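Asker: Below is the structure I would like to discuss, written out as structure tokens.
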Amino acid sequence: MTAAATRAGAALRPGLPPLLACLGLLACWQALAHLLTTGGMPDAVATFRELPAILGDQEALGDILDSLRRMALGFAIAVALSVPLGLAMGRSRLVASLVNPLLMVSYPVPKAALMPIIMLWLGVGDASKLLVIVLGASLPVIYHAYQGARAVEEKMIWSARAMGMSGASRLLRIVLPAALPEILVGCRTGIVLSLITMVTSEMIARQTGAGNILFNALDMAQYETVYAMILVIGALGIVLDVAFERARAALVGWSDEPDAIGVTAA
Amino acid sequence: MAQAALIDPSHPPEQSTAPRPAAVEIAGVTKTFQRRTGGTHLALAPIDLAVADGEFVSILGPSGCGKSTLLYIVGGFVPPSTGAVTVGGRPVTGPGPDRGPVFQEFALFPWKTVLGNVAYGPRQAGASKADAETKARGLLARVGLSAYETFYPKELSGGMKQRVAIARTLAYDPAILLMDEPFGALDAHTRLKLQNDLLALWERDRKTVLFVTHAVDEAVYLSDRIVVMSRQPGRIKEIVPVDLPRPRHRDELLLDARYQRYVIDIERLIEDPPEEAGA
């Protein structure tokens, strides 16, 4: 930030610029809706009026909670599998050279595009959606755990070895905590990706969920509901990200690594 | 080569320490690295060195002479290509709590507080949390950091980090300290202060110390003997016993002609080009 920008920023209260940005976006939305005059773009006011109807509806709330449950479970499974794999890759060249090509091949594949195939195996229920969420959230967690484990200072590990610590407990008690700041950077991206794959999986296999409401409304040309659901999902993303940042600061406050910007193209 | 008055090659330094048992024996140790471009690089020519129990020995030489590699081999962190190291009569096959390293990079555990770092070794050795912390507090008092036990490493200056690292190593009571340019990353003032503190600590415990450095004055101030190495390949050029009274005080030493003589002579030794340069 330049000195001039800092001075201009200091004159404002910290919460004000984001608020102004949101208001500006809403104003553009409102103006566009009136200019385009198409049913496909309801105005902002109408969309916000739709929100209480969705959030007050038992069935819709149940759908949203169902989505969140799947997402949380999928993300948890992804972390539980990816962190050990990434750490093992970081500490063993053999493991890294075995797994790296697989990661490179799967990296550009949109995970939600695998949904139709997975549905052939696992049906349209929870299992398929969970698997897609796990796949979607895993890569950044594996990658960052790998980088984190690779970057652990060799002398730190030597210091633990001199104390008589064995290989397995070094991985758990030295490599894992030392790589944790980097792992959490990957988790932050993983959370956003699991939200995205969660919604997309429900678009393809419609049964329940936030994505189900959204895409059903789209089919029925209920555009206020579509836009309101986009708002709900966006808000969920923000809440999850803020909550995660709080948790991260509490977990790795000892780290002096600079905060990474969490926004990633999906 | 200018022959030094105090460096007398006709008196092998082993004689002065012969009555004491050898804590570390380095016998025919070499290290060869595979080069990326193919071929090999001989980093250490055969090294033979015996360090007596309770002796403070510095390994001094220009960068690239393999002095740190030699220390890592004694630590068991790096295997020798040929030859063997025995510590307390047992061959070294890997790291162990009988040899405590202190690194230039400090290598503290950043997720642990100062107290947690120092208590880590005793905990690893099976001490209860209370016992480990009591021990750690005692050592933090000795390095003058009692007020900082709840701090994290990132909140400390370089000098304080190295004090914590020394305390962390002393906490598991290794018989031998392996110090790898421990003060190399510190500013001149902090460096002098830590040298004084290390001497005070050492004069109390008289642990065996292998101390790698490239600073001549540091080596003369601290050591009983100085192993001067040269490079290409790394080998021992000369072993210089430092016959200065202890306890040593810097202000007295700086005025002492013998101290000055050691510094000058050893600097000359290092400046001399290796006899087999380019060979």
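The values are calculated or read from the model by the stated rules, or taken from the named source; none is laboratory data. Given the structure is predicted, the values throughout are model-derived calculations rather than measurements. Ideal geometry is used to build each Cβ from the backbone, glycine not excepted, and the neighbour counts take in all protein chains shown. Keep in mind that these areas ignore ligands, DNA and RNA; they rest on the heavy atoms of the full protein, side chains included. Shrake-Rupley method; radii C 1.70, N 1.55, O 1.52, S 1.80 Å.
Asker: What do you get for the angle between helix B:129-142 and the principal long axis of chain B? Use alpha-carbon atoms, 0 to 90 degrees, nearest ten.
Answerer: 60
Asker: Of B:Lys129/B:Lys161; A:Lys155/B:Lys135; A:Lys111/A:Lys155, which sit over 30 Å apart, Cα to Cα?
Answerer: Beyond 30 Å between Cα atoms: A:Lys111/A:Lys155.
Asker: Another one. Label-point separation (nm) for B:Asn196 and A:Met203, each offset 7 Å from Cα along Cα-to-Cβ?
Answerer: 7.0
Asker: Specify whether the C-alpha gyration tensor of segment A:82-135 places it in the rounded, prolate or oblate class, a ≥ b ≥ c being the square roots of the eigenvalues: rounded for a/c under 1.5, otherwise prolate if a/b is larger than b/c and oblate if not.
Answerer: Taking the square roots of the gyration eigenvalues as a ≥ b ≥ c, segment A:82-135 is prolate.
Asker: Going Cα to Cα from B:Lys237, which lysines come in below 27 Å? Please leave out same-chain ones fewer than 8 positions away.
Answerer: B:Lys31, B:Lys67, B:Lys207
Asker: Within chain A, what whole-number % of the accessible surface is contributed by carbon and sulfur, with the 1.4 Å probe and all protein chains included in the calculation?
Answerer: Carbon-and-sulfur percentage of accessible area, whole number: 70.
Asker: Where in chain A are the DSSP H helices whose C-alpha atoms run 24 Å or more along the long axis and whose mean Kyte hydropathy is at least 1.0?
Answerer: In chain A, the long hydrophobic H runs are A:16-36, A:176-204, A:223-251.
Asker: Subtracting the Cα-Cα distance from 0.36 nm times the residue separation, let me have the gained length for A:Leu36 to A:Leu98 in nm, one decimal.
Answerer: Contour length minus Cα-Cα distance gives 17.0 nm.
Asker: Another one. Does chain A come out rounded, prolate or oblate, given a ≥ b ≥ c as the square roots of the eigenvalues of its C-alpha gyration tensor, rounded meaning a/c under 1.5 and, failing that, prolate meaning a/b above b/c?
Answerer: oblate
Asker: If you fit an axis through the alpha-carbon atoms of helix B:158-171 and take the longest principal axis of the Cα set of chain B, what angle between them do you get, 0 to 90°, nearest 10?
Answerer: Compared with the principal axis, the helix lies near 80 degrees.
Asker: Please give, to one decimal in nm, the separation of the simple spin-label points placed at B:Asp187 and B:Arg204, each 7 Å out from Cα toward the Cβ.
Answerer: Taking the two extended label points, one gets 2.7 nm.
Asker: Which ³J(HN,Hα) values in Hz, rounded to whole numbers, follow from the phi angles of segment B:147-152 under the Karplus curve 6.51 cos²θ - 1.76 cosθ + 1.60, where θ = phi - 60° and Gly and Pro get x?
Answerer: Rounded to whole hertz, the list is 6, 10, 5, 8, 6, 9.
Asker: Over the protein assembly as shown, what is the percentage of antiparallel beta bridges among all DSSP beta bridges, to the nearest 5?
Answerer: Counting only bridges with both partners in the protein assembly as shown, antiparallel ones make up about 50 percent.
Asker: Where does the charge balance sit around A:Ala137 when Lys and Arg score +1, Asp and Glu -1, over other residues with C-beta under 12 Å from its C-beta?
Answerer: With Lys, Arg at +1 and Asp, Glu at -1, the neighbours total +3.
Asker: List the accessible area buried at the contact between A and B, summed over both sides and calculated with a 1.4 Å probe, in Å² to the nearest 100.
Answerer: By this definition, chains A and B bury close to 2000 Å².
Asker: Using a 1.4 Å probe, how large is the accessible area of B:Ser157, given in Å² and rounded to the nearest 10?
Answerer: 60
Asker: Rounded, prolate or oblate: which fits segment A:1-149 when a ≥ b ≥ c are the square roots of the eigenvalues of the alpha-carbon gyration tensor, with rounded for a/c under 1.5 and prolate only if a/b beats b/c?
Answerer: Since a/c reaches 1.5 but b/c is at least a/b, the shape of segment A:1-149 is classed as oblate.
Asker: Hey, rough spin-label estimate for B:Ala147 and B:Val78, points 7 angstrom out along Cα→Cβ, what's it come to in nanometres?
Answerer: So the label points at B:Ala147 and B:Val78 sit 4.0 nm apart.
Asker: Still on this structure: Show the residues, 5+ positions off or on another chain, whose built amide H is closer than 5 Å to the amide H of A:Ala205.
Answerer: Distant-sequence amide H within range of A:Ala205: zero hits.
Asker: Given the options B:Leu178, B:Leu255, B:Leu198, which has the most mean-square fluctuation in a GNM of chain B, springs set between C-alpha atoms less than 10 angstrom apart?
Answerer: Of the options given, B:Leu255 has the highest mean-square fluctuation.
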